[in-house]
Structures are given as C-alpha cells and as structure tokens.
Amino acid sequence: VQMETTVPKRRDKKSLRVKVISLGNAEVGKSCIIKRYCEKRFVPKYLATIGIDYGVTKVQVRDREIKVNIFDMAGHPFFYEVRNEFYKDSQGVLLVYDVGVRESFEALDSWLGEMKQEMGSQANMDSIVFIVCANKVDLTKRRVVDEGEGRLWAESRGFHYFETSAQSGEGINEMFQAFFSSITDMCENGGKRPVSEVSVGFTKEQADTIRRIRNSKDSWDMLGVKPGLWIVSQMTILIKSFINLFP
Ligand SMILES: Nc1nc2c(ncn2[C@@H]2O[C@H](COP(=O)(O)OP(=O)(O)OP(=O)(O)O)[C@@H](O)[C@H]2O)c(=O)[nH]1
Ligand SMILES: [Mg+2]
C-alpha cells in the first residue's frame, strides 16, 4: 500500500525588484525624504543632487521581500538630459513639493509632463504608482499651499497624498509604507494600478475647476467667504451627488 504523504511546502512568494524615482523642483527636499527613511537622519545643509543619486533598500510587504532601487533625481533644470535616461521602467514616482513655495507645487504638472514625454504613451503612465509629498510641513509659518489644495491635485489624478517633514520625520514612514504596498499590489495585479482606493468622485478637470475657483481671491471676497477645506468637501459632495444623479 502506498501511503500518500502530504508535506506542507513553504510557499514563499518570489521577492520583487522595483524601481522608484523622485521628482520635483530643486530644494524641495527629495533627497532628505529618502535619507530620513533609509538612514533615519536629517541634514539641514542643502547639498544639491548632481544628476542622479542611486540607492537600494529592502522592505517587507506582507509576505514578500521587496528590493527597492531608488533613483533620486536632481530637480535643477540643468540636469534635464541626465534625468531623461531614468524615467523608463519605473514602478513608483515620488512627486515632491515644498508647502512653503507655491511655485514648486505648480511645477508638479510640468514634472508629469517631462515624464510623460519620455514615457511615450499614457498606457505606460497608468502602470506607475504616484505619491505626492507635501514636504516641509514643520515650517508652519511659511506654509502657502494648504492641505486641501494639495490633496485635491493628487487625489483627482488617482495619486496618493501625504504631508511630510524630512526634518521631524512626520509622515515619512507612513508615506513609504503606502508607496511600497501600492507598488506591490500593482505588481500582483498584473501591472495595473489599482485606483479604487484613492479615487475620488470627480475628474481631473472638475478638480482643476475647483482649484481655480478656490484661487480666485476676488470671487471669494465678493461672496464674503473664506475658502477652506470645508468648502472643498462641500463641493465634492455636491459634485458627487450630481454624478450620482446622472451616472
Ligand atoms: N525644515 C525643513 N527643511 C527641509 C525639509 N526637507 C528638506 N529640507 C531642507 O531643504 C533643503 C533641500 O533639501 P534636499 O533634500 O537637498 O532637496 P532636493 O529636492 O533633493 O534638491 P535637489 O537635489 O537640488 O533637486 C535642505 O537644506 C534641507 O535641509 C523639511 O521637511 N523641513
Ligand atoms: Mg536632491
């Protein structure tokens, strides 16, 4: 009589190798965010990245080991030619701006533009996880881009949004955890970015309209109301109910 033996096999999932890049204007804190996560320290002195900095780190997401290759890009326009070589084959993009410099927030669109140009088609952009870091939130007095505005920009595009400070460490681990876990989800999902978890009930165009309305000081002044998070959430609800009425 042949006995059937059932030896439980250890089924370790294969480890994943992923490539992530950092994007954003010079001096917004890209290198410091990465340094804070990988080395648990902060350097106050500004040392501009020359071209690209490369680093590798291992993280555990659920039962998988992820080997992360980080390409930290220089934000200075001077390095345009160097950066272009590195966009391809990324699974994740850290989009960083400084909450105290409006220009760095407004530049996010052109960073996406530069990347799109190098990636060729929109399809390639759809299989990338984007995380927006509203950085330097520790410097509360000089803050000019509020949370509502940043979150709206990010989430209307299906991107994650995190408030971070490389200086204090606020939000850094949470941000990277969400980043790597989304990338893992995407890889397990056959390279398609799962949008449901971060998608909100309005389109990019609607969000841009809300942003424009919020930024037009005069109309608000005329109405005598102060634009804030509350107004955005009210508008979101309005738009959501509108969409529900006309699906
Ligand atoms: N207060 C504060 N300062 C920060 C923070 N993050 C970065 N900095 C400072 O901002 C400056 C720029 O930081 P970097 O990380 O070098 O900026 P970068 O985006 O990598 O700049 P490039 O490499 O030129 O593109 C440095 O002086 C940092 O110390 C933060 O969260 N809070
Ligand atoms: Mg840098």
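Computed quantities for the displayed model
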read-out	value
Too-long pairs where the Cα-Cα distance tops 20 Å, listed order kept, from LYS13/LYS88; LYS35/LYS67; LYS14/LYS67	LYS13/LYS88
Approximate spin-label separation MET119-LYS67, in nm, with each point projected 7 Å along Cα-to-Cβ	2.5
Extension gain (nm, one decimal) between ASP208 and SER127, 0.36 nm per residue minus Cα-Cα	26.9 nm
Gain upon complete extension [ASP89, LYS14; 0.36 nm per residue less C-alpha separation]	25.1 nm
Pairwise label distance in nanometres, GLU81 with ASP146, each label 7 Å out on the Cα-Cβ vector	4.5
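Coordinate-derived values only; no laboratory data. As the structure is a computational prediction, the values presented were derived from the model and not from experiment. Ideal geometry is used to build each Cβ from the backbone, glycine not excepted, and the neighbour counts take in all protein chains shown.
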